[in-house]
Amino acid sequence: MLKEVNNYLKLLLPLDWLAVIRNDDIHVGLLAPIKPLLIQRSLYFSPDGAVTVMVHGRDLPPASDFWSELSKIQKVVLSSSTVKEFAEYVVEVTHALRQQEICEGVPKFESLWKRAPDSSIDMNPFHERRFKTTCRSTSCILTTPGLKVRRCKECSKLERVLTKRSKRKKKARDQVDITSSPSSPSTPKKTQTHSSLNTPAQRKRLKYQSRTIKHQQQVIRRQKERIRKLMREEGVVVDKDLSAELATILESAEGLTPFQKLFIQQQLKAAGVKGPSGMRWHPCLVRLCLSLRMLSPGAYEELSGMLRLPSERQLFDYSHAIPAEGTSANDVAQVNLLQGESTGVVEEEISMSV
Ligand SMILES: [Zn+2]
C-alpha cells in the first residue's frame, strides 16, 4: 500500500519535494537548492495518519503556526480503500508546511551576535534563501506563517534586545566623536578639500562643522543676552544727534591710547548721568583729578567748567575714604624737615594723599 501511496506522491508532490518509504512510514522532504542531497524540511507520516515534522533537523516546536493549520486538515488512516485519500492527505499536509516560511532570525547587528543573550549563530547550512547567516533565539519557532512575517516572536524579542544594544553602542560612539578634536588622527585634516575625502570622512567633517556652528550660535546668543541685560541695567538714553556723534567718535577711535579712550568714555557716560553724584568715576580718572586738584585748585576749577569732572565734594570723598587720623605738630615738623617745603603746602599734601 505504501508503494502505491508513493506512486501517487511522485505525481502530486510539488517540485523539490520527494517521498520515500522507510520503516513503514512515508517520509516527505524538501530538498535544499544545492548539489548534495540535503533535506531542509521533513514530514513523517505513519499509516495511522500521525505526522511528525522536522525543520533543519530539529523537531518543529509546538508553538509553530503549522500545527494549528494541521488541525484543520481531516486526518486519513491508510487502508486498502484509502490509498488515494491518504496520498492526498500527505500532499495537503505537505502543502501546509510549504506555506510556512523559515524564520530569518536577526540577520542585522552581526557585531553583537556573539554576546546576544539566549541565542545561537545560524551559518545557514541548509542554504535557505531568506538569509545568508543569522542569529536566532535558542527558543526560535523555526517557521513563520508566511512571507510577510520575517521572524518568529522569539527572534523578534531578540531583535529588540539587539536594536537597543546597537543604539546604545552608537550613542557611545557619537559621544566619543564629540569629544575628539578635529585634529585627531581619525578625523580628516583641515587642509584636505571636501571633494578629496571619502564619504565617511566627509560626514565626519560635516558633523564637526555643524557642531562648531551650533556652538558659535550659542556663544553669540549668550553675548546678545548679556548686552541686553547691561543696556537694561546701565544703559543711558541719548538723543539722535548725540547717538550719531557717539557713533562717529567710536568709529574714529582707532588711533587713541587706552587712557584717551577711557577719558572719552567717562565724559560720554557723565554726560548722560543726571546730577553730579550719579556718576561713578573710573579710579584712573579720580587719580588724575586728585593730582590736578592738588597741583592747582584754581586750574581744576577752570577745567571743571569745560569738562565733566568729579566735583570737589566727590574728590574729598575719595581722598578721605579712610578717615584721617590727623597730624600732630611733630609729624608736620618731620615732613618739613624732609621736604623743606612751607607748612601750608605740606599740610594740604598730607590731607590729599590719605
Ligand atoms: Zn525564530
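The values are calculated or read from the model by the stated rules, or taken from the named source; none is laboratory data. All values reported here derive from a predicted model rather than from experimental measurement. Note: ideal-geometry Cβ built from the backbone for every residue, glycine included; neighbour counts use all protein chains shown.
Tabulated values for the structure
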| quantity | calculated |
| --- | --- |
| Residue check for Val93: within 16 Å of the ligand (Cβ to nearest atom), within 30 Å of Pro36 (Cα to Cα) and aliphatic (A, V, I, L, M) | no |
| Qualifying residue in segment 151-171 (condition: of a type in the set (A, V, I, L, M, F, W, C), more than 31 Å from the chain's Cα centre (by Cα) and either away from the ligand (no atom under 11 Å from the Cβ) or not assigned by TED's automatic domain parsing to the domain that holds Ala19 (or both)) | yes |
| Scan of segment 128-144 for residues that are in contact with a strand residue (DSSP E or B) (Cβ under 8 Å, 6 or more places away or on another chain), at pLDDT 90 or above and in a loop (DSSP other than H, G, I, E, B), ordered by number | Thr133, Thr138, Leu142 |
| Tally, over segment 74-92, of residues that are of a type in the set (A, V, I, L, M, F, W, C) and farther than 14 Å from Asp48 by Cα | 1 |
| All positions within segment 45-84 that are surrounded by 16 or more Cβ atoms within 10 Å (Cβ to Cβ) and over 55 Å from the mean Cα position of the chain (by Cα) | Phe45, Pro47, Gly49, Val76, Leu78, Thr82, Val83 |
| Where Val236 falls short, out of the listed (1) modelled with pLDDT under 80; (2) in a helix (DSSP H, G or I) | (2) |
| The one condition in (1) free of Cβ contacts under 8 Å to residues at least 24 places away in the same chain; (2) farther than 26 Å from Phe316 by Cα; (3) surrounded by 11 or more Cβ atoms within 10 Å (Cβ to Cβ) that Gln265 fails to fulfil | (2) |
| Matching option when the condition is of a type in the set (D, E, K, R), farther than 21 Å from Phe109 by Cα and modelled with pLDDT under 85, among Lys207, Lys189, Lys214 | Lys189 |
| Condition met for Leu18 (in contact with a strand residue (DSSP E or B) (Cβ under 7 Å, 6 or more places away or on another chain) and within 20 Å of Lys75 (Cβ to Cβ)) | no |
| Sole residue being within 12 Å of the ligand (Cβ to nearest atom) and in the same structural domain as Asn6 (by TED's automatic domain parsing), chosen from Ser119, Ser79, Ser64 | Ser64 |
